[in-house]
């Protein structure tokens, strides 16, 4: 079976580990271990009898819930079949520009969405070669690289950044909205930050007709199997996107799950309380292991630099401990010396740390 380009491929991991997929402890997909919330499960169950009907093509109840959640008019919101579908629509529009700037390492689906429409891509590294640490000066980096061409180009970036976990400040991105023809900001992990810390651009989207924000409801609420995301942008742009895509992109169960999730304030508070302590536990544990250096992260995952082959470590963890970590081979700038791990529960994190320590120890004794 081919090496996966995304995290969460349990079929591939189970084949390598020689166990059923349900036995794999998955650190490769950055999904919250706390959900799905009970409120969401109940909402899904309540809609089973409606599977014999088509969904509302306008998703009025879902868009109303999102409108209340973000304090925006409904026409500024477009639900989609995961943020991946909406990313493809953004790629179609970005391809009409002279070029699109990508901050690298970049999520592999960005390249897919842009390549689908033959978009020209210009890459700009976030991690400096020496020392290998993220460079936070986004605006200066882009202005120096483009030198006058920005008004003809687009910008596609995620915040917090995947895979580094770095959080760009709102002030760092705002100048780009004046420089670039179109700015698409993927905020798939922004909801993991407490409202006092988040740096979303949703609050200013109505001021910038060239701004598109992509959001996911699957990572925070542990619903990747349902495929649900949404775009926030000027209504004219969203009407154009709507004309490009197939009808009924969001199924009935996903729409009901989203409405319930947005109303579940207790689950949101639980997540914001759990994550900082769990992330720090995992960070400190990884930093204490010889040959590993995790990067500080604002998201629910950590990027870790390793002095040893990550593929060998990945295979050892699967075959001897049924644990899956995310290698970074699909990030060309990182290769076989980085891996990414999701933040999970305290007991899961401890199991990972013990397994890495044992695997690395066995390697040194050979």
- What nm value, rounded to one decimal, do you get for the distance between residue 53 and residue 16 when each label is placed 7 Å out toward the C-beta? 4.6
- Message: Can you tell me the length gained on complete extension of the stretch residue 75 to residue 243, counting 0.36 nm per residue apart and subtracting the Cα distance?
- Response: 59.0 nm
- Restricting the count to DSSP beta bridges whose residues both fall in region 38-263, what percent are antiparallel, rounded to a multiple of 5? 35
- Provide the packing ranking of 32-40, 225-233, i.e. peptides ordered by the mean count of other C-beta atoms within 10 Å per residue, highest first. 225-233, 32-40
- Message: Given a 10 angstrom Cα cut-off, can you work out which residue in 219, 178, 316 is the most mobile in a GNM of the chain?
- Response: 178
- Tell me, how many Å apart are the Cα centres for region 176-254 and for region 2-73? 17
- Note on the structure: Options (i) 20.2; (ii) 21.2; (iii) 18.4 for mean projected area of the Cα convex hull in nm²; the value derived from the coordinates is listed as (iii)
- Message: Suppose the chain between residue 207 and residue 281 were pulled fully straight at 0.36 nm per residue; how much longer would it get relative to their current alpha carbon spacing?
- Response: 22.7 nm
- Gap in Å between the Cα centre of region 148-169 and the Cα centre of region 75-98? 16
- Task: At 0.36 nm per residue, minus the direct Cα-Cα distance, what do residue 60 and residue 46 gain on full extension? Give it in nm, one decimal, please.
- Result: 3.2 nm
- Message: Could you work out [θ]222 nm for the chain from helices alone, using -39500 (n - 2.57) per DSSP H run of at least four and dividing by all its residues? Round to the nearest 500 deg cm²/dmol.
- Response: -12500 deg cm²/dmol
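Each value in this text was obtained by applying a stated rule to the coordinates, not by laboratory testing. Every value quoted in this text rests on a predicted model; they were computed, and no experiment measured them. Positions of Cβ are backbone-derived with ideal geometry, glycine not excepted, and every protein chain shown enters the neighbour counts.
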